[in-house]
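The values are calculated or read from the model by the stated rules, or taken from the named source; none is laboratory data. These numbers come from a predicted model, not from an experiment. All Cβ positions, even for glycine, are placed from backbone atoms using ideal geometry, and neighbour counts span all protein chains on display.
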Amino acid sequence: MALQDWWTFDLVGGYGAVAGRLDGVVTGSLTGNVHAQIRWAGRLTLDKDPSVDWGQFRVRPVRHTQTSQGVVRSEPYGVYLVRETTVDARPGVHRVELDLLDRTAVVAEDATATSFTVPAGTNIVTAVGQIIASTGEVGTALTPTDDVTSSDLVWEPGETKLRIINDLLEHAGYFALWADHHGQFRVEPYVAPQARPVAYQALPGDAAVHVADTRFDLPGPVHNRVICVSQSTGDNPAMIADVMNADPDSPHSFQAQGRWVTRVVENVEAASQAVLDQHAQRLLAGEGTSGRKISRRMLPSQLGLNAIITSRADGGGVRRETVETIEISLESAALMGVTSREVA
């Protein structure tokens, strides 16, 4: 267990090189939301003018911990674009507020001036890498694929590059674009919650770093069958994917609800039948969550959005959860809040 922890804030220049340290930070916070277009955002409060050209530099929060043996461990918590939003310079008072956005803000705020076309037969991940590079950004971890576009894909003038990228990634059965704790763009195939590795076991014992959990329910219909229909192209008929929840242990299966509750999605862009099947499975996995959310406070860590937490279920078994939101206070001795959703 760490006896001491503290935060520092690196100034990061081009190509990720550390150019110095941001001084005067009084308080701050980071918020991650898996459903947000830009997943990580935050705010810093400074007690002096930073005198930094924010067009040239970004901020990387780093948490340091020191054990009883004197071992210091340092972990970054992302690289952020900075916007100076408030300056209070009354006599005897100087306060500066900085808003933070992760690197996906760059591609979210860049757009095409004309219609944008990705021709049929284009490798999807290669196209994504080229679009990211067109914004001037570097530092991207791409998981390659052999999937290519099945038809010409066209976007209207003014569409953001992030929307184009995420449409392409959905076409290939990938997660939406995100930036990790090192500030690196990540392009990775989608993995269903049931198949992801466990990042933290929220169980009692000496290894536990969480202090509380609270459950609450979100009402709403739960589909146990998803039908996806692709777009037809030329002489090629539309593909159809039909997936069902027939797991007798699931509270939302046909057996549990006594009927099929079906969601139909049409005109899905999919590179192949396998990608369409995966897309339908992904939608069903989202429907298959119980709607029950669990909120915890725990020691700060590099736990990621979409990560898997396991805990003890009400009936004594293992409950599997996927992380949806994280709130981090950038102050010493503060806990972070994690909200996850139970996977049925």
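General remarks:
- Number of residues in segment 67-78 that are under 14 Å from S301 (Cα atoms) and part of a strand (DSSP E or B): the value is 4.
- Of all residues in segment 25-53, those satisfying the criterion of being at pLDDT 95 or above and not aliphatic (A, V, I, L, M) are T27, G28, S29, T31, G32, N33, R39, W40, G42, R43, T45.
- Residues of segment 277-297 satisfying the condition of being within 15 Å of T325 (Cα to Cα), more than 19 Å from the chain's Cα centre (by Cα) and modelled with pLDDT of 85 or more: R297
- Qualifying residue in segment 3-21 (condition: of a type in the set (A, V, I, L, M, F, W, C), without any contact (Cβ under 8 Å) to a residue 60 or more places away in the chain, closer than 30 Å to A208 by Cα and out of contact with any Pro (no Cβ under 8 Å at 6 or more places or on another chain)): no
- Among the candidates R341, R282, R296, the residue that is under 30 Å from H182 (Cβ atoms) and touching a Phe, Trp or Tyr at 6+ places or on another chain (Cβ under 9 Å) is uniquely R282.
Here's the yes/no breakdown for (1) exposed (fewer than 15 other Cβ atoms within 10 Å of the Cβ); (2) free of Cβ contacts under 8 Å to residues at least 24 places away in the same chain; (3) assigned by the TED database to the domain that holds G205:
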site: A246; (1), (2), (3): yes, yes, no
site: S250; (1), (2), (3): no, no, no
site: N267; (1), (2), (3): yes, no, no
site: D277; (1), (2), (3): no, no, no
site: M298; (1), (2), (3): no, no, yes
site: L305; (1), (2), (3): no, no, yes
site: I308; (1), (2), (3): no, no, yes
site: S311; (1), (2), (3): no, no, yes
site: V323; (1), (2), (3): no, no, yes
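- Test result for V138, in contact (Cβ under 8 Å) with a residue 60 or more places away in the chain and surrounded by fewer than 15 Cβ atoms within 10 Å (Cβ to Cβ): yes
- Residues of segment 151-165 classified as under 24 Å from S230 (Cβ atoms) and surrounded by 20 or more Cβ atoms within 10 Å (Cβ to Cβ), total: 3
- Listed conditions (1) of a type in the set (D, E); (2) outside any loop (DSSP other than H, G, I, E, B); (3) more than 25 Å from G14 (Cβ to Cβ) are all met by D99, apart from (3).
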